[in-house]
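The values are calculated or read from the model by the stated rules, or taken from the named source; none is laboratory data. What you are looking at is a predicted structure, and each value in this text was computed from that prediction instead of being measured. Glycine also receives a Cβ, built like all others from the backbone with ideal geometry; neighbour counts cover every protein chain displayed.
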Amino acid sequence: MRIPELFKDGHTVLSFEIFPPKKDGSIETVYKTLDELTDLKPDFISVTYGAGGSQPGCSTREIVSIIKEKYRTESIAHLTCVNSTKADIDRVIGEFKEHGIENVLALRGDINPDIEPKKEFLHASDLIAYMKERSDLSFSGACYPECHAEASSLDEDIANLKRKVDAGASHLVSQLFFDNEHFYAFLEKARAAGINVPIEAGIMPCVNAKQIQRMVTMCGASLPVKFTRLIARYGDDPDAMREAGIAYAVDQIIDLAANGADGIHLYTMNNPYVARKISESVSKVIR
Ligand code: FAD
């Protein structure tokens, strides 16, 4: 099923994001994670591209196929283009076609200062336009409630996001955020700019203090006082931090659902325990 179809009946879509196992991980760990996550009946599961993606038997493409075929759950393959040539993308299109993959989260990818970008695709919108001409795939894109780090303003970033939608992205997934007000302000601007596709809110349950620091450095999300107090109080106590992090995410999700968000995209960090706790806490709220 093409992802935009999932939004048509008006329920709050719930999706999970997982990443392929690290280099020393095995496909068995993927099965274990998927056994538990698919049991929670998300609308779809997306699989990131990059971390360990080249490991035989554990590529993004292979995991997406497993989710669809073995678990009968819809899935999206993330795909970045900053280090790809057109020939690389042609090969990927062929593979997706061969394996019946319909949905792609098309991304530029972060620019690694140690790797010279191929420069055949400058933006995610270029990747979408290129693939759309050559395939019948359904495209999703990323969006940034607190502005992408390279954009000079949120207005500029949203104008670029509109280009991505005009190129063919028919569904957007947001970067994680900890203050729903940023998401609402972004949504208002995006809608005013004529972006009318479903936009899912990205929620990262922060269950340990180290992970929070890493995530915030990586994605630039701001931390509201309510959240920093929680880290200050429970950051050194793993059990308490996990409980508090789950409760914080549940609180965010309930507020988003009550405000009519199209969907919630849970960055599960391959942690089925956390995904289960959250799903069970909001099962009546988001359906
Ligand atoms: P773009 O949409 O190309 O935007 C990048 C910058 O260029 C922005 O500042 C934007 O304003 C500007 N821009 C965009 N289009 C134009 C245009 N036409 N003209 C001028 N400027 C433009 N990374 C991975 O490596 N693997 C993953 O699996 C992955 N999954 C992700 C999932 C989500 C939901 C999100 C939010 C991010 C993910 N990322 C992933 C990170 C992502 O690759 C980085 O955030 C990257 O820096 C930007 O990717 P993008 O597709 O948003 O880029």
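When restricted to residues that are over 20 Å from the mean Cα position of the chain (by Cα) and either of a type in the set (D, E, K, R) or at pLDDT 95 or above (or both), region 100-130 contains 10. Number of residues in region 162-177 that are within 7 Å of the ligand (Cβ to nearest atom) and either closer than 18 Å to Phe7 by Cβ or in contact (Cβ under 8 Å) with a residue 60 or more places away in the chain (or both) equals 3.
Of all the listed residues (Val30, Val82, Val47), the sole one being more than 14 Å from the ligand (Cβ to nearest atom), surrounded by 17 or more Cβ atoms within 10 Å (Cβ to Cβ) and within 29 Å of Ile111 (Cα to Cα) is Val30. Determine if region 190-198 includes at least one residue that is free of Cβ contacts under 8 Å to residues at least 60 places away in the same chain, in a loop (DSSP other than H, G, I, E, B) and surrounded by fewer than 13 Cβ atoms within 10 Å (Cβ to Cβ). Within region 190-198, one or more residues are free of Cβ contacts under 8 Å to residues at least 60 places away in the same chain, in a loop (DSSP other than H, G, I, E, B) and surrounded by fewer than 13 Cβ atoms within 10 Å (Cβ to Cβ). Just the residues that are among the basic types (Lys, Arg) and more than 15 Å from the ligand (Cβ to nearest atom), please, taken from region 186-213. Correct list: Arg191, Lys210. Considering Met241, Met269, the condition of being aliphatic (A, V, I, L, M), over 15 Å from the mean Cα position of the chain (by Cα) and surrounded by 14 or more Cβ atoms within 10 Å (Cβ to Cβ) is satisfied by Met241 alone. Count, please, the residues in region 105-136 that happen to be more than 10 Å from the ligand (Cβ to nearest atom) and within 12 Å of Lys86 (Cβ to Cβ). Number of matching residues: 7.
Selection over region 148-187 of residues that are in contact with a Gly (Cβ under 8 Å, 6 or more places away or on another chain) and surrounded by fewer than 19 Cβ atoms within 10 Å (Cβ to Cβ) gives a count of 2.
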